[in-house]
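Heads up, the thing below is written out as structure tokens.
Every number here is computed from the coordinates shown, using simple stated rules; none is lab data. Predicted model only: the values in this text are computed from it and were never measured. Virtual Cβ from ideal backbone geometry, glycine too; neighbours counted across all protein chains shown.
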Amino acid sequence: MENNRRDFLKKSALLGLLGIGTKLIGKENIQQLENFSNNPTTDSFTLPPLPYGYGGLEPFIDKQTMEIHHTKHHQGYINKLNAAIGKDYDFSISDEEKCKSVNDKTSLAVRNNLGGYYNHKLFWAIMRPNPEGYHNIAEGKLAKEIQSQFSSFENFQKEFSDKASKVFGSGWCWLIVNSKGKLEITTTANQDNPLMSVSTVQGTPILCLDVWEHAYYLKYQNKRADYIKNWWVIVNWPKVEELYLQLKK
Ligand code: MN3
């Protein structure tokens, strides 16, 4: 009993330190998300804390999946990335610039694990708790742009969902801003992303969906389409619009 209590207190203190709460879209979550694009000033990659608790995306993504995904998969990419980069790796540039520097001469260890680091970091940031499953759609300038380019928000969702469901094997589906400033939906295999010059379609991602089986298999098994359908409920549209507006500046 006493041990459990101590454990609980320890965990609570740790979660407090990380600023992790399980409440709905609080101010503290928004503030944490603002740090997303900051350049790190360290000499190694570190695991970004989730802006919500492991159970925060329930019932759409389950707690166990989130915990394993964050502490084992994401942490695993970061560990391997730190082992793969050379001593004089340039940490002074942004994570986006680091991804852009990946080309066909980059080692697979750096390419795969830098992608694993960056893609998940974005993925956590563009989701938010919505336990009641309230209607969740883009708003503001981003919504207008989606409407003008895809004729309706529903059409956009359908196109994105179709592409995500058709990714063969492991990969990602993206909404990017391309070099012409236009929105575009694209997919990548493995841990590649559209910032990398090895990607056939290039641009800066503002929304991404992990369709690796590790992202959904515990809850959804082989039913990727159900996972995709439920994921729309927890997309953090204010964050996605913020990323969009930063690029349009
Ligand atoms: Mn993943």
Worksheet, complete the sentence: Classified through the alpha carbon gyration tensor (a ≥ b ≥ c as square roots of its eigenvalues; rounded if a/c is under 1.5, else prolate when a/b is larger than b/c, else oblate), region 192-238 comes out oblate
Worksheet item: In debye, nearest 20: dipole of region 100-249 around its Cα centre with unit charges on the Cβ of K, R (+) and D, E (-)?
Response: 280
Discussion item. If each residue of separation counts as 0.36 nm, what is the full-extension length gain between Ser152 and Glu97 once their alpha-carbon separation is subtracted?
Written reply: 16.6 nm
Fill in: Partner lysines for Lys87 [C-alpha distance under 29 Å; skip if fewer than 8 residues away on the same chain]
Lys72, Lys98, Lys100, Lys105, Lys121
Worksheet item: In terms of the ratio Rg/(2.2 N^0.38 Å) built on C-alpha atoms, what value belongs to region 165-223?
Response: 1.18
Item to complete: State to the nearest 20 debye the size of the charge dipole of region 197-242 about its Cα centre, where the only charges are +1 on K and R beta carbons and -1 on D and E beta carbons.
Response: 200
Discussion item. Could you tell me the calculated FRET efficiency between Glu184 and Thr106, based on Cβ-Cβ distance and R0 = 30 angstrom, to the nearest 0.05?
Written reply: 0.80
Worksheet, complete the sentence: Computed for region 138-198: size of charge dipole around the Cα centre, +1 on C-beta of each Lys and Arg, -1 on C-beta of each Asp and Glu, debye to nearest 20, value 120
Discussion item. Please report the spacing between the Cα centers of region 114-141 and region 64-108 in Å, no decimals.
Written reply: 20
Worksheet item: For region 59-184, what Kirkwood radius comes out of the mean inverse Cα-Cα distance, in Å?
Response: 17.2
Fill in: Simple label model, 7 Å out from Cα along Cβ direction - Trp232 to Glu132, nm
2.1
Response to the item:
Note on region 40-91: C-alpha Rg/Rh, Kirkwood Rh, two decimals, gives 1.11
